[in-house]
Each structure stands twice: as C-alpha cells, then as structure tokens.
Amino acid sequence: MRHFWLDRQRAMWFLCHMAKTFKFWDVDQLVLLPPSVHELVPAGHLAHFVRDTVRDSLDLAVILDTYTEERGFPPYHPVMMTALLLYAYCQGLYASRRIAKACEERVDVMAVTARQTPDFRTISDFRKRHLTALGGLFTQVLKLCQAAGVVQLGHVALDGTKLKANASKHKAMSYGRMQKTEADLAATVQGWLEKAEALDAREDAEWGRDRRGDELPAWVADKQARLEKIRHAKAALEAEAQASAAAAPQDGRSTTRSPGIPHDKTQRNVTDPESRIMKTTDGFVQGYNAQAAVDAASQIIVAHRVTAAANDQQQLAPMVALIKQQTGRQARELSADAGYCSEANLRELSRRHIKGYVATGRQRHGQASAGGSRQATVGTRTRAMQVKLRRGGHRSRYRLRKQTVEPVFGQIKQARGFRQVLLRGIEKVTQEWSLVCLAHNLLKLAKALTGHGHGTIPL
C-alpha cells in the first residue's frame, strides 16, 4: 500500500511539471547574428555612458595621431581602448590582467569593447604608450562636468592622502649603508668576474675559442643590477645635498660634515627612488602624497597633484593655482586641515580673494614649517583664523571639508580599491592619479545626468 502511494505521488509530480511550460534554454544554441552591445546591459547603464562619452565627447586626436603606420595587422581602435581603460578604472579594475579577464567574462565590459578581447599585454602597452595623453583627459572630463552645471566652485575642500608606492619600504637604504654596500658589492662582482674570466679561459683551452661562453651568469647580472641601483640612488642623494648646500645661506657655523655630503642616515628607496617613507594612520609606508581639491556641491575633483613631500603646507598655493588653471575660475571659499596652515598660505588666499577656512592646530614638537624652520610664534593671520573658526563654532564653513573631500578619498581607496599605485616615478604616478580622479568624476557626472548610479559600484 505504501509503495502504491509513493508511485502515485511521483506520477502526479511528473504530470504537473510536464504540463508546465518553461522558457527555452539551450546553452548550445548559436545565434545567427551577433547581439547588439546595447542588448548586453540595460539602457542607462554606466557602460553605455562611458563608451558614448569617450566616443562622442572627448577629443582623442593626441592619441589617434600616433597611429600613422599603414603596415602590419590592424590594431584595436584607440577610442575603444580608451573607453575600456576609463570604464575599468570606474569599476576598480587597474591591473591589465584583471581588465583583460573582465573583457572575456563580464557583459558590461563587452558592451564597451563590442565583445573584443585585447590581451593584458596589449592593454598594458596601450596605457604605457599613451599615459600622458590619458592623464590629460582629466581636463576634458572636468569641462564636461562644468558644462553640465555640476561644478559650482562655491566651496572647495583641499586635502591629501598617502598612496603606497610600487616599492617596499624595506628597500630603502641610508647613505651610510649605501657606501658600505657599494664597496662590498663592487668587490664581490669583481671577484666573480675574475672567476668567470678564468672559467672562460679554461673552457677556451678545452673546447676552443669558437664556443660561446661570454654571457654573464645570472647571479653576476643580478648583483650588477643591484650595484647600479645603489650607485644611482647614492648619486641622487649627493646631488640633492650639493644643491641644498649651494642654496643654504652661510652662517659661519662649523660642522663635522663637508658641505654637499648627505647625512649618513639620509635614506633613498632603490626600487622607486622618487618615493618617500611617509607616516599614515596605519603606520609608515613607502609612498606618495596625492592631493585633491573637491567641489563641495558635487564632490567633483577640480584639481589634483602628486608630490613626494609628506608635508602639506607647500601644496596649498600650487593647488589653488591648479583650480584656476583647470576650471578657468577661482574658488570663492576653500577649507583645509591644519596641515596646510601657515602665514604664507593664508596670505596667498587673501591675495586671491578666497575666503579661507583653515584649521590652525599646533604643529608637533620639532616639526618644521614650510620654510624649513621651527615655528616658535603664531602669526597675525593664524590668530585671526583661530578667532574666525572659534566664532563659527559648529556652523563654521570648515565643517564642509570633512563631508566633502574625505568621502571622495573613501570612495577611491575603499569602494574602488585604489590604495597602491602600479607605476614608478613621480611623473608616471601623477598621470596614474589623474586617471583615477578622471574616473571618479565620470561616475559623479553619470550619476548627476542619469539620476542614479545604475551599473556602478556604490558611490
């Protein structure tokens, strides 16, 4: 009786499901015509916005004009490659291998590339070849934001964030250690070269002189490469010390060191010599100081800069000038934290008729000012700023800084995962930071024009 009841249940289940009609699903079915890229993702998707913006609104003549050779296999279209890179940066994809993988697996990326799949080497070479031109597109995107009425420049917040360099802080070496290591390595390499020459002579005698044996062993080449890096870093430190000694006034004080000779503890990274060790909330990192000026009304980045100086005091004047250069207009108000406070900076804001709201927190003991000397007294402009911020209280315009620029750094570093640069050297890192800022502005522009951030990671 039990078996009869189970068989009846199975039969009823089979009849019910056989009676149900399902949508056709056949993974082996091939389409006669390739689908339109507009069908891959919904209308209004960020992929469509970035692709169409690059194709229709950006001037890529600087990139296109480099393709003059008629011979060879046709390359991928530069407009497509540019759109791919910008969309990838909007999605937090920076490494060329990750971008190439996305071209094969993600339909939103296929909507940008029209299902073309450039490999990682092609993507890397394109970015490397046109890095300066790609970074220069920041200004064009900023102009689009201005034309759309997104940028107001009523209040601009300025701040900097530390980005990890593509180099380990453990590869930093002091000048004193460079001197000792250089001598030791030179002696080691010379000894190995002598052994290699003796071995070559022995093989020539045994096998004849026509036999190849002139290549250096790998272990010799590695040591020689390290020796050259150390010598290059050592020469850079010596050049900086000589320039500093030539510029410094002669006060007649005696010193134990010869002028123009670096201090033994002065450090330089041998992997990326232009990066510096900088203090962050998470400790010390080998990195760069990335600056950004952000419009309070829209969180659009209106100016950016990269420096190897950990101190922010010397960055206010150049950033204010960049705002005027990039937008053609001057900001009416500017807020910044205590790292930018100095008499010279407050004087610069006054000269440009910009209402400044700069925190006046005391410098730590022994910390040098922008001019290189310790601040013993507070200037008149600093005291006036203290009174201004104190009277404003919680209604002070300074509060706009935290809710303007810090969320932008959070979106870039946390949401889109850009915490470490891929390139080396301050010039290349500057262009890389420009691309990151450009992608951020594209996301903000898309959200402002479409009313939502569909197809994007959280803003």
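Name every residue in region 391-420 that is farther than 18 Å from D159 by Cβ, of a type outside the set (S, T, N, Q) and either surrounded by 15 or more Cβ atoms within 10 Å (Cβ to Cβ) or touching a residue at least 60 places away in the same chain (Cβ under 8 Å) (or both), in order of residue number. G417, the sole residue that qualifies.
Summed over region 296-313, residues that are within 22 Å of A338 (Cβ to Cβ), part of a loop (DSSP other than H, G, I, E, B) and β-branched (V, I, T) total 0. Counting only helices (runs of 4 or more DSSP H) that sit completely within region 1-104, those holding 3 or more residues that are modelled with pLDDT under 70 correspond to 2-19.
Taken over region 50-93, the criterion of being polar (S, T, N, Q) and either within 17 Å of L438 (Cβ to Cβ) or within 22 Å of the chain's Cα centre (by Cα) (or both) is satisfied by T53, S57, T82, Q91.
Per the listing A292, A331, the residue uniquely surrounded by 23 or more Cβ atoms within 10 Å (Cβ to Cβ), in a loop (DSSP other than H, G, I, E, B) and in the same structural domain as R397 (by TED's automatic domain parsing) is A331. For region 100-150, the tally of residues that are closer than 16 Å to V79 by Cα and hydrophobic (A, V, I, L, M, F, W, C) stands at 14.
Residue check: Q325 meets all listed conditions (1) under 30 Å from R424 (Cα atoms); (2) not hydrophobic (A, V, I, L, M, F, W, C); (3) not in a helix (DSSP H, G or I) but one, namely (3).
Taking Q315 as the residue in question, decide whether it is buried (at least 19 other Cβ atoms within 10 Å of the Cβ), assigned by TED's automatic domain parsing to the domain that holds G160, polar (S, T, N, Q) and in contact with a strand residue (DSSP E or B) (Cβ under 8 Å, 6 or more places away or on another chain). Break it down stepwise before answering.
On the way: buried (at least 19 other Cβ atoms within 10 Å of the Cβ): yes; assigned by TED's automatic domain parsing to the domain that holds G160: yes; polar (S, T, N, Q): yes; in contact with a strand residue (DSSP E or B) (Cβ under 8 Å, 6 or more places away or on another chain): yes.
Taking the combined requirement at face value, the residue satisfies it.
Mind checking whether some residue in region 270-288 is in contact with a Leu (Cβ under 7 Å, 6 or more places away or on another chain) and modelled with pLDDT of 65 or more? If you could, list the steps in order and put the result at the bottom.
Step one: list which residues in region 270-288 are in contact with a Leu (Cβ under 7 Å, 6 or more places away or on another chain), which gives 287-288.
Those left that are additionally modelled with pLDDT of 65 or more: 287-288.
Checked region 270-288: at least one residue is in contact with a Leu (Cβ under 7 Å, 6 or more places away or on another chain) and modelled with pLDDT of 65 or more.
If N311 satisfies every condition in (1) under 29 Å from K143 (Cα atoms); (2) in contact with a helix residue (DSSP H, G or I) (Cβ under 8 Å, 6 or more places away or on another chain); (3) not acidic (D, E) but one, which is the exception? In the conditions (1) under 29 Å from K143 (Cα atoms); (2) in contact with a helix residue (DSSP H, G or I) (Cβ under 8 Å, 6 or more places away or on another chain); (3) not acidic (D, E), N311 misses (1) alone.
Is it the case that T360 is out of contact with any Pro (no Cβ under 8 Å at 6 or more places or on another chain), without any contact (Cβ under 8 Å) to a residue 40 or more places away in the chain and of a type in the set (S, T, Y)?
Against the criterion (out of contact with any Pro (no Cβ under 8 Å at 6 or more places or on another chain), without any contact (Cβ under 8 Å) to a residue 40 or more places away in the chain and of a type in the set (S, T, Y)), T360 qualifies.
Can you pull out the residues in region 64-102 that are polar (S, T, N, Q) and either surrounded by fewer than 16 Cβ atoms within 10 Å (Cβ to Cβ) or at positive phi (or both)?
T66, T68
Yes/no matrix, rows are residues, columns are (1) at pLDDT 90 or above; (2) β-branched (V, I, T):
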position	(1), (2)
V387	yes, yes
R395	no, no
K402	no, no
A415	yes, no
G425	yes, no
T430	yes, yes
S434	yes, no
A446	yes, no
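The values are calculated or read from the model by the stated rules, or taken from the named source; none is laboratory data. In this text, all values refer to a predicted model and were calculated from it rather than measured experimentally. Neighbour counts are summed over all protein chains in view; Cβ atoms, including those assigned to glycine, are modelled from backbone coordinates with ideal geometry.
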